[in-house]
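Below: the structure, in structure tokens.
The values are calculated or read from the model by the stated rules, or taken from the named source; none is laboratory data. Everything numeric in this text was worked out from a predicted model, so none of it was measured. Methodologically, a virtual Cβ is constructed for each residue, glycine included, from the backbone with ideal geometry; neighbour enumeration extends over all protein chains shown. Heads up: the accessible areas ignore ligands, DNA and RNA and are worked out on the full protein's heavy atoms, side chains in. Shrake-Rupley method; radii C 1.70, N 1.55, O 1.52, S 1.80 Å.
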Amino acid sequence: MGRQSTANPGARRRPTSSAAAATTTAKAPAKKATAKAKAPAKKSPAKKTSASKAKPRTSNAATAKAASAKARTSAQTAGPTASAGSTTRKRFPGRALLRAIGSEYSRVSAHPLATYYIILLSVLLLTGLGLVMVLSASSITSYDGGEGSSFAYFNKQAGFVGIGLVLLVTASLVPLSLWKKLAWPAMGLGLLMQAAVFLPGLGKSTKGNANWIQIGAFQLQPSEFLKVALAVWLGCVLANKFGKMTTFTHAMIPVVPGIAAAIGLVVAGNDLGTALVLMAMALACLFVGAFPGKYFALLAAGLAAVTAFFVLSSENRLNRLTLALTGHADQAAIDTTGQAWQSNHGLFSLASGGWFGVGLGASREKWSWLPEAHNDFIFAIIGEELGLLGTIAVILVFAILAFGLLRVMLRSQHLFVKITTAGLFAWLIGQAAINIGVVAGLLPVIGLPLPFVSYGGSSIIASLLAVGIILSFARTEEGAAEAIRAHKDRVRSSLGVLARKVRK
């Protein structure tokens, strides 16, 4: 028993001692490792630097691994959303095309002659369309009116367009300084021509308006050329008076007397529609020319009072205004076969055209149903024969022309150019808006043609002359002269190469 008790404790102690030895042995390397780990901290500064350089690499690698792990996690979590977003972006196949068009427009728009060609091309489009529509709208009335040919009005209009294009090219070559010198003589000549309509044997009254001059077979409407003269004259006067209109007398003279003379002569001939256009031109020029605000408001109120007086004092004008306000469907208020005949048939013409029209030349309203189909109401024939798309195209071309005129005003460095172009803008674009509004039944009938499109020699010649003046302004844009010279050099070299080939 004693041996066993002695042996058993010994047997029990041996494993303990071996475990302790193992523990001691394990602790020894751990201490050595700890010592080794602590050892570099006591090394030289050079080794510290290398160790510090190694640490950022390890941290950068760890950061990169963590970022990639997060990206994988987010991609797995939002997988369907990301794929849906990429699919949504791919659903716009025209996005690249729109960007290409935008960049191309920016490149073309920056060209010095871009304004010049925008105005020229839009006017040529409108003039060409006008010739076609005059032929279509006037073919019946021209033949039935004793002319003996359906091309009578068209031939006359083509001749007027030819004269207007010659004036356009000539005016576009006139330098800016010469237009300033011609301002006062042009205004004086315009007023004399407008006053000549009241001379016996020289003036002629047409449909209640005494605004025509006739010498033999030659007939002229001076008020159309007075529009050009008024715009150039106001541009010159207001540019010279810029910043000096501090007193009432200095602001009003000679601006207000000149405007009053032009409008008064036209109104005296019973042509309130043209007078309204002259008023709009004057106000546009005064606004751009920095006319003092209180005097501008006073003048605008005076023009509004004059307009109201002439409208209320004329039964014919008052009936037209009442017609526009009551609407064409009010049969009890207005007789549709009397005062509303022209307006109603203009709407009939627009309505029967539909989306694509009845076809060029196939209008039914031009068979003497719609009065002035080739003149004031030619837009109705466009709507009937070319449809809604045709009318929208015409409005779009006028909008492009308006954009070109605005570019001239914004990009020019000359105040004379800005003011004159503002007046011509109010004439060409404002009159087009009034004509379209009249045909659509939004405004009362006031007898204004659609610029560049309607039949009329004085209208088309004066309008093309005005465009020639604007083109001469566009040529003064910065870099335009150099671009024109380079273009001429290219044309000369091309013609020279062609001549050499012909000789061979």
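Listing for the model above:
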{"quantity": "Whole-Hz couplings from phi, Karplus 6.51/-1.76/1.60, listed for the stretch 347-358; x for Gly and Pro", "calculated": "5, 4, 5, 5, 5, 6, x, x, 6, 10, x, 8"}
{"quantity": "Accessible surface, 1.4 Å probe, highest first, among residues D271, D376, D144", "calculated": "D144, D376, D271"}
{"quantity": "Greater than 22 Å apart at Cα, pairs in K180/K294; K156/K180; K180/K418; K180/K204; K204/K227", "calculated": "K180/K294; K156/K180; K180/K204"}
{"quantity": "With DNA, RNA and ligands ignored, accessible area of I392 (1.4 Å probe; Å², nearest 10)", "calculated": "90"}
{"quantity": "Radius, Kirkwood style, for the stretch 171-260 when every pair of distinct Cα atoms is counted (Å)", "calculated": "14.8"}
{"quantity": "In the stretch 170-251, chymotrypsin sites (Phe, Trp or Tyr not before Pro) in a DSSP loop with at most 14 other beta-carbon atoms within 10 Å", "calculated": "F242"}
{"quantity": "Cα pair count fraction exceeding 22 Å, expressed as % - the stretch 122-209", "calculated": "56"}
{"quantity": "Dimensionless Rg/Rh of the stretch 365-498 - Kirkwood Rh, Rg from C-alpha atoms", "calculated": "1.10"}
